[in-house]
Amino acid sequence: VTLVNDVQLNRLQLPEQKVVGRSFIEVMQDHEVNDVVRRCLVEGRPVSATVETAPGRTFLNVTATPVGRDGGCAVVLEDLSEVHRLERVRRDFVANVSHELRTPLASLKLLSDTLTSGGADDAEVLRDYLGRIDVEVDRLTHMVQELGELSLLETGQVSLERKPVSIAVLVEGAVGRLEAQAERAGLSVTVDVPDDLPEPMGDARRLEQALVNLVHNAIKFTPAGGAITVAARRGGAAVSVSVSDTGIGIREEDLERVFERFYKADRSRTSPGTGLGLAIVRHVVQLHGGRVWAESRPGAGATFKFTLPLTGGAG
C-alpha cells in the first residue's frame, strides 16, 4: 500500500503509518478482497466484485483498476451494507405482507365459494357466513389502516399537535377503550398513576393510540385469570409509562425485535393481530423524543415501558 485516504483509514480503524508500506493482505486481512487486487495485477485489467467481509453484516464492492507503468492498481472499497440491509428489509416486508393477507383472503374465498355453490339458500348459513365475511373484511381494513399509519410515521410525514398531556387522562382513555375486551378475556386491569405527575408535551391522540396498542398486546398474550397493570412514574426529567402482564412472556432473543414491523415472537405466527402495533408504538414514542423497550422472560409475563421527556424532545 503506497497511498490511502481518510475514508479507508476510518473504515480500517488504523493510523496511516500502520497501512502505508504494508502488503494489501496484511492490511485488509480478507482473502476475497485480496483476490480482486491480485487478479487486477496479474491480468492488467479492471476487476470488480462484491464481497461479504463479515457474515451478514458488511458488504463491500471492491474495484481494482490498473494505474501507472509499475504494475500497480487503485483500489476502491464501497460499503454496500446499508443497501443490502434495505433490500433484506424490503424482501421481508413483501413476504410478511403476503403472509398476513393470505389467511383472510383464503377465508373470504372459501366463504364466497360456499355461498355461490348453494349455501346462500339456507338463511341461517347465509347469516353466519356474512358475519364471518364481515370479520375478515374488518381485519383487512385494520391492516391497511395500520400500514398507512406506519408509513406516515416512518417517513416523518406526521406533525404532532403538542400540548400538555395528562398521563392520568391518557391511561384512563386507553384502558376504557379496551375494558370490555379485557373482561371478555377474563382479565383484570389495574391502573397505578399518581395524581401529581407532571404533564409532558405531546400529541395526546397519538400517545393514547400507542398505549392502546400496548394494552391490547397484553390482552392478546395473557391467559384468562391473568392481570394487567398500567402504571406511570416520574423519573428524573421524564415520565415513564409501563404496561405489565402475567402472560406467556417473551424469550430474551426476541426482546430486541418485538418492535419490528410484522415481527411475532410466536414462531408459529398463529397469534392474532398484524404484528404492526408495536412498530407504531416505537415510532410514536421516538417522535416524542422518548424511548421504548420490553422486559420479560418466558412464562413470567412481560412489561413494556416508554418514556416521555418533560422538556425538549424530537419532532
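Here are some notes:
- Between E253 and D70, the distance separating the two model label sites (each 7 Å from Cα on the Cα→Cβ line) works out to 5.2 nm.
- Mean Kyte hydropathy of -1.0 or more with a Cα span along the axis of at least 30 Å, helices from DSSP in the chain: 81-116, 123-154
- Per residue, the convex hull volume that the Cα atoms of the chain enclose (Å³): 209
- The stretch between E124 and L108 holds 4.0 nm of extra length on full extension. This uses 0.36 nm per residue minus the Cα-Cα distance.
- In the chain, the portion of solvent-accessible area held by carbon and sulfur atoms comes to 52 percent [1.4 Å probe, whole percent, DNA, RNA and ligands not counted].
- In terms of overall dimensions, the C-alpha atoms belonging to the range 155-214 reach 38, 33, 12 Å along their principal axes, ordered largest to smallest.
- Rolling a 1.4 Å probe across the protein heavy atoms gives the chain an accessible surface of 57 Å² per residue.
- Taking the charge dipole of the range 171-228 about its Cα centre, with +1 at Lys and Arg Cβ atoms and -1 at Asp and Glu Cβ atoms, the residue from V215, P200, G173 reaching farthest to the positive side is V215.
- Zone of N61's modelled label, taken as backbone nitrogen in the range 68-104 under 20 Å from a point 7 Å along Cα→Cβ: 74-91
- Estimated dipole of the chain in Debye, rounded to 20 [Cβ of Lys and Arg +1, of Asp and Glu -1, Cα centre]: 620
- Simple label model, 7 Å out from Cα along Cβ direction - R11 to S23, nm: 2.2
- A simple spin-label model places pseudo-atoms 7 Å from Cα toward Cβ; at L86 and D35 they are separated by 2.9 nm.
- Tail weight of P(r) past 22 Å, computed on alpha-carbon pairs of the range 1-94, percent: 33
- Since only P46, S159, S240 are under comparison, the one whose Cα sits farthest along the positive direction of the charge dipole of the chain, derived from C-beta charges on Lys, Arg, Asp and Glu, is P46.
- Listed residues F93, V144, S112: farthest to the positive end of the dipole of the range 21-155 (Cβ charges): F93
- The charge dipole of the range 61-164, taken about its Cα centre with unit charges on the Cβ of Lys, Arg, Asp and Glu (plus for the first two, minus for the last two), comes to roughly 400 debye.
The values are calculated or read from the model by the stated rules, or taken from the named source; none is laboratory data. What you see is a predicted model; the values in this text were computed from it and never measured. No Cβ is skipped: glycine too gets one built from the backbone with ideal geometry, and neighbour counts run over all protein chains shown. We work out accessible area using only protein heavy atoms, side chains counted, and drop any ligands, DNA or RNA first. Shrake-Rupley method; radii C 1.70, N 1.55, O 1.52, S 1.80 Å.
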